[in-house]
Amino acid sequence: MVIELIGLVAFAASGALAAVRAKLDLFGVVVLGLTTALGGGIIRDVLLGIHPPTTLRSWPYLLTAAVTGVAVFFFHPQVARLRRAVLLADAVGLGVFVTAGTTTALQNHVPAYTACLIGMTVGIGGGAIRDVLLREIPMVLRKEIYAVAALAGAVVVPIAAWLGLPDVWGTVLGSALVVAIRLIALWRHWNAPVPRAGGTAAS
Amino acid sequence: MVIELIGLVAFAASGALAAVRAKLDLFGVVVLGLTTALGGGIIRDVLLGIHPPTTLRSWPYLLTAAVTGVAVFFFHPQVARLRRAVLLADAVGLGVFVTAGTTTALQNHVPAYTACLIGMTVGIGGGAIRDVLLREIPMVLRKEIYAVAALAGAVVVPIAAWLGLPDVWGTVLGSALVVAIRLIALWRHWNAPVPRAGGTAAS
Amino acid sequence: MVIELIGLVAFAASGALAAVRAKLDLFGVVVLGLTTALGGGIIRDVLLGIHPPTTLRSWPYLLTAAVTGVAVFFFHPQVARLRRAVLLADAVGLGVFVTAGTTTALQNHVPAYTACLIGMTVGIGGGAIRDVLLREIPMVLRKEIYAVAALAGAVVVPIAAWLGLPDVWGTVLGSALVVAIRLIALWRHWNAPVPRAGGTAAS
């Protein structure tokens, strides 16, 4: 639960930072933070037929994402300086979102590969919407390792279930794998030239 | 009902005018008019699990929006000259769409804040799709007062219901608030420089 | 079934070729191929309330689209040279997708005009998503004859049903009409200047 909120904050911050860079006003920054943080979950619930989407019915989620957006609007220079912390939080968020999405999909009795696709979408969907709204080609289409990490984490969940492990194991192991892949990718490319100055938190 | 059609016509005209400016052909203009007018309602029904979306099943809606698109294609210089009338119609449309969307959501037994979010989305969703299709950053993210007006109107609906007023009061009071905020905003910025020449009807 | 896979391959190739032109990496190319091939069907199922979308549950579809994306990534110069074959396959795919979409919608007891709109969306939706993700104004909004062909093919399906013909007749006649309109359009504009060098398979 706490760890899910970390992911939510990281994703909201990622969207809000991108909106600040695009020079949107306060409202635009908050809306883009909300969209990035909640978008993946909304797509998941629409695909699975859960009405209305869980994230729109959960006020702690909405409030957390909105407060994050407001905070980023006022303190974005400080937030941008915490680059490594934001990237770590984003990796944790990706892991938690992907594994939770895959678990929810499996509980709705879909085939394992469908569940993995939906779980991956939960992790990468919000960021894709963020980039489309800001007229960018979605980062996830251009940075291979982000989506590959999401897919790898998703695949762990049905394997853990198939091995008879409790749900929490799939979540923990899958999330850990996502975080490990993301950190290794960031580490190895640490000095590599990046195509765009000031890559977003979700990059 | 009549007032709902006014909103529909205003939104369809807003989408069709934007398409004319982007030099789309007749079909593109009609499709963009339809998308702008019906998009918010489709999002609402997908989120609430109403299948298939009401707006796709209502031929008077479809016909009205399509005829508006065709008319704008042929008479767009005249329509563009009616700028104040289009802006007023758009404000009425926003009010009606937002309050009707919030009412529908409440009838589907969602929490009040979820209903307000969905109602706001009905009002601003069509315009956001229009802008994304035309490769613009959605106007609603850049013009604060548009979405704030939508949210304010949405909030009136559950308050009116909580006070025990009949549904129609929420619709009328909420719509009036939206129109008032929009007109005041337009009035006060009347001489302010606008970032883009020929702001669209939904701006 | 075989003919449906031809359409799927053509649409996946269309998305993957566009991604290659936008210089996406392998993963981006595969994802865009999948999105273009499966997007229309996902929209259909979301609008009709079929959860989770059929195309996400059908591994032969997923595998075919993914393999097509990988193949295009490695052999795109050869694929691009097969321009006429790709255009023909795309026309067949459009016809099959549109008529199958309309048939599915009719089986879900929606009015005939709603079914036609949904069928048209199945045919053009994937390409529209492809173009939005690549920051293009959707081709279908700019090339009139593509969407008109889709709509004409869709209308054949309920007419055939109304005449008491078996379903397969609507599919065959509707698809044939789509292919005929597309080929005539391509033939007549064969020497006409095209606005963009190297029009995509879906253009």
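Scan region B:21-46 and report the pairs whose first residue is more than 30 Å from B:Ala115 (Cα to Cα) and buried (at least 24 other Cβ atoms within 10 Å of the Cβ) and whose second residue is modelled with pLDDT under 90 and of a type in the set (D, E, K, R), with Cβ atoms within less than 8 Å and a gap of 6+ or a chain change.
B:Gly28/C:Arg142; B:Gly28/C:Glu144
Could we say that B:Asp131 is of a type in the set (Asp, Glu), over 19 Å from B:Leu47 (Cβ atoms) and within 14 Å of chain A (Cβ to nearest Cβ) here? So that I can check it myself, show each step before the final result.
On the way: of a type in the set (Asp, Glu): yes; over 19 Å from B:Leu47 (Cβ atoms): yes; within 14 Å of chain A (Cβ to nearest Cβ): yes.
The answer is yes for B:Asp131.
Just give me the residues in region A:9-20 being surrounded by fewer than 24 Cβ atoms within 10 Å (Cβ to Cβ) and within 15 Å of A:Gly40 (Cβ to Cβ), in sequence order.
A:Val9
Among the listed residues C:Gly49, C:Gly101, identify the single one that is surrounded by 19 or more Cβ atoms within 10 Å (Cβ to Cβ) and not hydrophobic (A, V, I, L, M, F, W, C). First the steps, then the outcome.
Details: C:Gly49 fails: surrounded by 19 or more Cβ atoms within 10 Å (Cβ to Cβ).
The match here is C:Gly101.
Checking the condition of a type outside the set (D, E, K, R) and in contact (Cβ under 8 Å) with a residue 60 or more places away in the chain, which residue from C:Gly164, C:Gly153, C:Gly125 passes?
Working: C:Gly164 fails: in contact (Cβ under 8 Å) with a residue 60 or more places away in the chain; C:Gly153 fails: in contact (Cβ under 8 Å) with a residue 60 or more places away in the chain.
None of the other options fit; the residue is C:Gly125.
From the set of residues in region C:151-165 that are closer than 10 Å to C:Val178 by Cα and surrounded by fewer than 24 Cβ atoms within 10 Å (Cβ to Cβ), which is farthest from the other protein chains (Cβ to nearest Cβ)?
That would be C:Ala152.
Sort through B:Leu106, B:Leu173 and tell me the only one that's of a type in the set (A, V, I, L, M), within 12 Å of chain A (Cβ to nearest Cβ), surrounded by fewer than 24 Cβ atoms within 10 Å (Cβ to Cβ) and free of Cβ contacts under 8 Å to residues at least 60 places away in the same chain. Let's see the steps before the verdict.
Details: B:Leu173 fails: within 12 Å of chain A (Cβ to nearest Cβ).
Being of a type in the set (A, V, I, L, M), within 12 Å of chain A (Cβ to nearest Cβ), surrounded by fewer than 24 Cβ atoms within 10 Å (Cβ to Cβ) and free of Cβ contacts under 8 Å to residues at least 60 places away in the same chain holds for just one of B:Leu106, B:Leu173, which is B:Leu106.
Out of curiosity, is B:Val67 modelled with pLDDT of 90 or more, crowded, with 21+ Cβ neighbours inside 10 Å and more than 26 Å from B:Val172 (Cα to Cα)?
no
Based on what the data block shows, is A:Ala147 modelled with pLDDT of 80 or more, surrounded by 19 or more Cβ atoms within 10 Å (Cβ to Cβ) and either out of contact with any strand residue (DSSP E or B) (no Cβ under 6 Å at 6 or more places or on another chain) or farther than 20 Å from C:Ala22 by Cα (or both)?
Values: modelled with pLDDT of 80 or more: yes; surrounded by 19 or more Cβ atoms within 10 Å (Cβ to Cβ): yes; either out of contact with any strand residue (DSSP E or B) (no Cβ under 6 Å at 6 or more places or on another chain) or farther than 20 Å from C:Ala22 by Cα (or both): yes.
It is true that A:Ala147 is modelled with pLDDT of 80 or more, surrounded by 19 or more Cβ atoms within 10 Å (Cβ to Cβ) and either out of contact with any strand residue (DSSP E or B) (no Cβ under 6 Å at 6 or more places or on another chain) or farther than 20 Å from C:Ala22 by Cα (or both).
Please go through region C:141-150 and pick out each residue that is within 9 Å of chain B (Cβ to nearest Cβ) and more than 11 Å from the chain's Cα centre (by Cα).
Scanning region C:141-150 gives C:Leu141, C:Arg142, C:Lys143, C:Glu144, C:Ile145, C:Val148.
Given the residues B:Leu56, B:Leu47, B:Leu63, which is the only one that is assigned to a helix (DSSP H, G or I), within 14 Å of chain A (Cβ to nearest Cβ) and closer than 23 Å to C:Asn108 by Cα?
Sole residue among the options that is assigned to a helix (DSSP H, G or I), within 14 Å of chain A (Cβ to nearest Cβ) and closer than 23 Å to C:Asn108 by Cα: B:Leu47.
Scanning for something at pLDDT 90 or above, closer than 20 Å to C:Val179 by Cα, within 17 Å of the chain's Cα centre (by Cα) and away from chain A (no Cβ under 14 Å), does region C:72-95 turn up at least one residue?
Yes.
List pairs: first in region C:75-94 and farther than 21 Å from C:Gly41 by Cα, second surrounded by fewer than 17 Cβ atoms within 10 Å (Cβ to Cβ) and of a type in the set (S, T, N, Q), Cβ under 8 Å, 6+ apart or cross-chain?
none
The values are calculated or read from the model by the stated rules, or taken from the named source; none is laboratory data. Values in this document were obtained by computation on a predicted structure and should not be read as measured data. Cβ sites come from the backbone with ideal geometry, for glycine too, and all protein chains shown count toward neighbours.
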